[in-house]
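Taking it in order: structure first as structure tokens, then the write-up.
Derivation of every value follows stated rules applied to the coordinates shown; laboratory data play no part. Only a predicted model underlies this, so the values are computations on that prediction, with no experimental measurement involved. All Cβ positions, glycine included, derive from the backbone under ideal geometry; neighbour counts span all protein chains shown.
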Amino acid sequence: MCGMESRQGMDEQSIEVCVGRFQTGQSLERQFYTSEQIYQQELEKIWGGSWIWAGHISQLANKGDYFLFEVGSESVIVVRDGTGAICAHLNVCRHRGSRICLEPCGNLRAFSCPYHAWTYSLNGDLRSRRMMPDGFDRADHGLLPVKVIDFQGLIFICLSETPPPIEPALERLAPMTAPFQFENLKIAHHASYPVPANWKLALENYLECYHCAPAHKEYSKSHSLKDPAAMTPELIEAMQARSVNVGLPTGELNETGEDARAPGADVYYRRYPLFPGYVTGSRNGEGLAPLLGNLTDYDGGATDIQIGPLNNFLVYSDYLVGYRFVPTSLQTTDIQTVWLVRSDAEEGRDYDLEHLTWLWHVTTLDDERIIRHNQEGVNSLYYRPGPLSSMEWGIVDFHHNYLKMLV
Ligand code: FES
Ligand SMILES: [Fe+2]
């Protein structure tokens, strides 16, 4: 049939051929959303080779506190060890490979494998094992380490032994985010929105606001990002004057796409204005929680932050929302949304959870719907890559490094 793509897809084509056919400024071709072979390579190269935002320092307040982060076949234990350091280990026993930690979070004095009771220190060293033959070297059988970065309390992990060199970019980002004092936050709420779509459709949707005006009625009332014409120089300058007054920087940092110093080392920071009448991302425009860090007042802005290709944050003056789009199979994704407020804020007294989470709950439900329909359309044998709008530059940048990391 004219114009129809073969169902055999990847059986006949290598990933390199698909990547070679890619045209900058177009959406990806169908195989990137339908091929199990590409998906498995992504788990290895993209999810296995990128920094992933795993959690927040407040989840590891005490020695022995741990949480798990899971993606694909991997499970990682992130823990505060006996010396107080944050470290991470693969949740795979060095005896015969059993999962060791089964609960998603908790506090432990040591890790004990539920299979044959090998026991590991919090720092991953093998401590005890039963009846092993002479010559068994305990030092060779510690838990496999996973790389960790603590950026102002946001904890990132990377499964690769050679992670993207993101530290220099984080140093440039640090003074811009410092006034928010991310290290002094706590998780107010986290939610998971499963969507029957490939993870890239979910991430690509987050990376553009071309869809905001048609798809997000509530968001578009308050966020000028929905329309370049609405984000006037006057609106930006008025916000920046207020930002300076409340102690926030007005600069931008864009090291994504071609401007990233290395694939996977993307970092982005930009604060943009909310519409008049809105001091934060709320339903009625009013503040929702105590001001973050050392801010002295609301400036009526919202900051987009990207750290690595997979992690996105939105910072209002009084709360932070973190987003990850974690694949659970080729065409199922967990949209993981985390709301953080100042650590001393008390629910009921200082914030109302329903008000705090309202905007990004309704907005994510909209996104779930449009992403699902996107996958349905992309599954069609008649789907062809289409041209991206100038408002979809974030997708262009994502494709740039995604393809470099994939092959
Ligand atoms: S698999 Fe862990 S002790 Fe045997
Ligand atoms: Fe959206």
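Model label sites at residue 236 and residue 137, defined 7 Å from Cα along the beta-carbon direction, differ in position by 5.9 nm. As a rough guide to protection, the peptides 307-320, 382-395, 252-265 ranked by mean Cβ packing within 10 Å, highest first, stand as 307-320, 252-265, 382-395.
Annotation: amide H-H contacts under 5 Å for residue 328 (H modelled 1.01 Å from N, sequence separation of 5 or more, or interchain): 333, 334. Counting only lysines at least 8 places from residue 200 when in the same chain, those with an alpha carbon closer than 18 Å to its own are 45, 404. For Cα pairs less than 8 Å apart in space and 6+ apart in sequence, what is the mean separation divided by the residue count of the chain, i.e. the relative contact order in percent? Result for the chain is 20 percent.
Here is how the number arises for the chain: DSSP H runs of 4 or more residues each give -39500 (n - 2.57), the sum is divided by the residue count, and the result at 222 nm is -7500 deg cm²/dmol. Couplings for the stretch 166-178, taken from phi via the Karplus curve 6.51 cos²θ - 1.76 cosθ + 1.60 with θ = phi - 60°, read 8, 4, x, 5, 5, 5, 6, 6, 3, x, 6, 8, 3 Hz in order; Gly and Pro are left as x.
Report the gain in length on full extension from residue 328 to residue 181: 0.36 nm times residue separation, minus Cα-Cα distance, nm rounded to one decimal.
Fully extending the segment from residue 328 to residue 181 adds 49.7 nm.
Restricting things to Cα coordinates, could you compute the convex hull volume per residue of the stretch 158-303 in Å³?
In the stretch 158-303, the Cα convex hull volume per residue is 160 Å³.
Given R0 = 51 Å, the distance between the Cβ atoms of residue 125 and residue 365 translates into a calculated FRET efficiency of 0.65.
Evaluated at q = 0.11, 0.15, 0.18, 0.22 Å⁻¹, the base-10 log of the normalised Debye intensity for the stretch 52-150, with identical point scatterers placed on the Cα atoms, takes the values -0.30, -0.55, -0.78, -1.13. Of the residues 54, 341, 291, the one whose Cα sits farthest towards the positive end of the charge dipole of the chain is 54 (charges of +1 on Lys and Arg Cβ, -1 on Asp and Glu Cβ, taken about the Cα centre). Here the Gaussian network model covers the chain, with springs between Cα atoms less than 10 Å apart; of 344, 125, 334, 344 fluctuates the most.
Legend: translational diffusion of the chain by Stokes-Einstein, Rh = Kirkwood radius over C-alpha pairs, 25 °C, 0.890 mPa s; D = 108 µm²/s.
Between residue 75 and 91, the built amide H atoms are under 5 Å apart, and every one of these is 5 or more places off in sequence or on another chain.
Placing a label point 7 Å from the Cα of residue 112 along the Cα-to-Cβ direction, the residues of the stretch 37-64 whose backbone N falls under 18 Å of that point are 64. Normalising the average separation of contacting C-alpha pairs (under 8 angstrom, six or more residues apart) by the number of residues puts the relative contact order of the stretch 167-406 at 30 percent.
Each residue of the stretch 132-141 was assigned a 3J(HN,Hα) from its phi angle through the Karplus expression (A = 6.51, B = -1.76, C = 1.60, θ = phi - 60°), giving 8, x, 4, x, 5, 9, 4, 5, 8, 10 Hz with x at Gly and Pro.
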